[in-house]
Structure formats: structure tokens, C-alpha cells
Amino acid sequence: MFNILILAEENEKTREMKTRLSREGYNCVLSPPGDNPGRFIAQHNPSLVVLDVATDGEWAEIMPAALEKKPHLMLMVFRHRLSELTTDETVDDFAIKPFDVDELLTRIRRLAVKANAAPAADVITAGDLIIDTARCEVTLGGLPVDLTFREFELLKFLASNRGRVFSREVLLNKVWGYDYFGGDRTVDVHVRRLRSKIEELGQVYVETVRNIGYRFKRNI
């Protein structure tokens with residue numbers, strides 16, 4: 001797993017970065033640098049650190065020497081500090097502030113590809129919920145979630161179509177098959193059981209759309 005630690009103040013842009021990276025299957029943490037960023041890095045052991053550098057901030061000494069594997073380092077810096085990067089071998093890439101989210105995400109993906117650690121296409125991530133469709137495994141906050149076959153198929157279908165609303169009839173056809181003769185109450189029962197297993201931490205994943213059906217929440 002390509003773990004990404006974004007050391008920056010939380011704002012609209014940094015939240016968007018974290019959300020989009022998480023959706024793509026990266027394990028991503030967003031946190032202010034604090035007084036001791038090196039200690040924070042050592043705790044999380046990331047593959048990549050994205051550091052938002054203050055006007056006169058330093059970055060050369062933030063990487064803890066005790067780390068077994070040194071993470072990649074990407075900086076977000078103001079233009080007047082570019083000259084400092086010319087001979088700095090500790091920095092793998094950078095973006096000029098104010099940065100463009102799409103550009104920065106592209107740079108992050110390139111580093112992941114070079115590290116041969118791009119996320120698998122068969123992994124769906126939504127916050128703390130990770131769905132491995134190839135292995136038929138689901139984890140929540142790092143812990144395995146025990147789902148029945150139908151519960152897993154229902155979750156996989158909804159999560160693969162994030163934000164789209166499906167009626168109970170459509171869900172019956174897509175998850176149970178056209179030859180299933182049970183009523184649409186079957187969907188309600190399975191959604192209720194699924195929610196009891198994946199929403200125990202308070203995060204809503206499956207939303208009810210009144211008089212229509214269900215959808216997987218888009219903004220997670």
C-alpha cells in the first residue's frame with residue numbers, strides 16, 4: 001500500500017486532495033505539521049510525505065533518521081524558494097503555491113507509479129472502508145468486516161456506482177438476478193444488515209433516497 005501523509009493545514013484544497021486520493025485506493029492521512037513533524041512521520045511510516053512549506057519554513061531535517069525506509073518527499077512551496085531546490089537531493093518533486101489540485105495529484109500518481117505502488121483497480125476505498133473486490137474482503141478502520149455473499153455483492157455494486165440512485169427492483173436484478181422471485185423487501189433487509197456492520201463508527205455509507213431506493217454516498 002502506498003501510504004501518503006499530507007502535512008498541511010486543513011482547507012478546501014487539502015480536503016479535496018485527501019478525498020480523491022482515498023477514492024483511488026491510496027491510504028491517505030491529512031494533518032497539520034505541528035511542532036514536531038519528524039515524530040509524526042515516524043509514527044505513520046508513510047511512503048510519501050507531501051509537505052506544505054511556510055514562507056520561511058525548513059524541510060531539510062524533517063525526515064527522522066531512524067526510519068527503516070525513507071519516504072518520498074514532495075513540497076508545496078512559494079515561487080521565491082525554487083532556487084533552494086536546485087541541488088536538494090532530499091526532495092523528489094514539488095508544486096508551486098498556490099497549487100492546482102489536479103496538477104499535484106498527477107505528480108503524486110507519477111511517484112506512486114515509479115515506486116511500483118499504484119493502487120489496484122479492484123480496490124474501492126471510501127474513508128475507513130476498503131473493499132477488495134478481487135479477494136471479496138472488506139475492512140473498516142483496518143479491521144475485517146464479516147459479510148454474507150449477498151451483503152458483499154450489494155455493497156460492491158453500490159460502491160462501484162458511487163452517487164447513483166438505484167430502485168429496489170434494479171438492485172434485485174443486479175445483485176440477486178433476474179430469476180429471483182422474492183419481494184423488494186429483501187433489499188431493505190440486506191441494506192439494514194449491511195449498515196449495522198459497516199456504519200458502526202458513525203459514518204453513513206449507504207443513503208436512503210425516499211420513495212426511490214438507495215445509493216452509496218458520494219462525498220466520503
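The values are calculated or read from the model by the stated rules, or taken from the named source; none is laboratory data. This one's a predicted model, so the numbers in the text were calculated from it and none came from an experiment. In this analysis, Cβ positions are derived from the backbone assuming ideal geometry, glycine residues included, and neighbour counts consider all displayed protein chains.
Among the residues making up the stretch 152-170, those that are under 17 Å from residue 207 (Cβ atoms), within 26 Å of the chain's Cα centre (by Cα) and not in a loop (DSSP other than H, G, I, E, B) are 154, 155, 156, 157, 158, 159, 160, 166.
Return yes or no: is residue 95 more than 13 Å from the chain's Cα centre (by Cα), under 22 Å from residue 17 (Cβ atoms) and assigned to a strand (DSSP E or B)? Steps first, answer last, please.
Working: more than 13 Å from the chain's Cα centre (by Cα): yes; under 22 Å from residue 17 (Cβ atoms): yes; assigned to a strand (DSSP E or B): yes.
Answer is yes for this residue.
When residue 13 is tested against (1) surrounded by fewer than 20 Cβ atoms within 10 Å (Cβ to Cβ); (2) more than 22 Å from residue 90 (Cα to Cα); (3) at pLDDT below 85, just one condition goes unmet, and that condition is (3).
If we keep just the residues of the stretch 148-177 that are over 21 Å from residue 25 (Cβ atoms) and aromatic (Phe, Trp, Tyr), which is surrounded by the most Cβ atoms within 10 Å (Cβ to Cβ)? Among residues in the stretch 148-177 that are over 21 Å from residue 25 (Cβ atoms) and aromatic (Phe, Trp, Tyr), the one surrounded by the most Cβ atoms within 10 Å (Cβ to Cβ) is 166. For the stretch 72-84, the criterion of being under 30 Å from residue 133 (Cβ atoms), outside any helix (DSSP H, G or I) and modelled with pLDDT of 85 or more is met by at least one residue.
Out of 166, 216, 157, 152, one residue alone is in contact (Cβ under 8 Å) with a residue 60 or more places away in the chain and of a type outside the set (Asp, Glu). It is 216.
When restricted to residues that are farther than 12 Å from residue 163 by Cβ and part of a loop (DSSP other than H, G, I, E, B), the stretch 206-220 contains 3.
Among the criteria (1) buried (at least 17 other Cβ atoms within 10 Å of the Cβ); (2) modelled with pLDDT of 90 or more; (3) farther than 27 Å from residue 201 by Cβ, the one residue 96 does not fulfil is (1).
Listed here are the residues, each with its yes/no results for (1) surrounded by 15 or more Cβ atoms within 10 Å (Cβ to Cβ); (2) not assigned by TED's automatic domain parsing to the domain that holds residue 192.
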position	(1), (2)
77	yes, yes
82	no, yes
109	yes, yes
146	no, no
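Considering 135, 110, which residue is over 14 Å from the mean Cα position of the chain (by Cα), within 30 Å of residue 174 (Cβ to Cβ) and free of Cβ contacts under 8 Å to residues at least 40 places away in the same chain? Explain how you work it out, then say what you get.
Values: 110 fails: within 30 Å of residue 174 (Cβ to Cβ).
Answer to the selection: 135.
May I ask you to verify whether residue 195 is part of a strand (DSSP E or B), surrounded by 13 or more Cβ atoms within 10 Å (Cβ to Cβ), more than 17 Å from the chain's Cα centre (by Cα) and modelled with pLDDT of 95 or more? Break it down into steps so the answer makes sense when it comes.
On the way: part of a strand (DSSP E or B): no; surrounded by 13 or more Cβ atoms within 10 Å (Cβ to Cβ): yes; more than 17 Å from the chain's Cα centre (by Cα): yes; modelled with pLDDT of 95 or more: yes.
In short, no.
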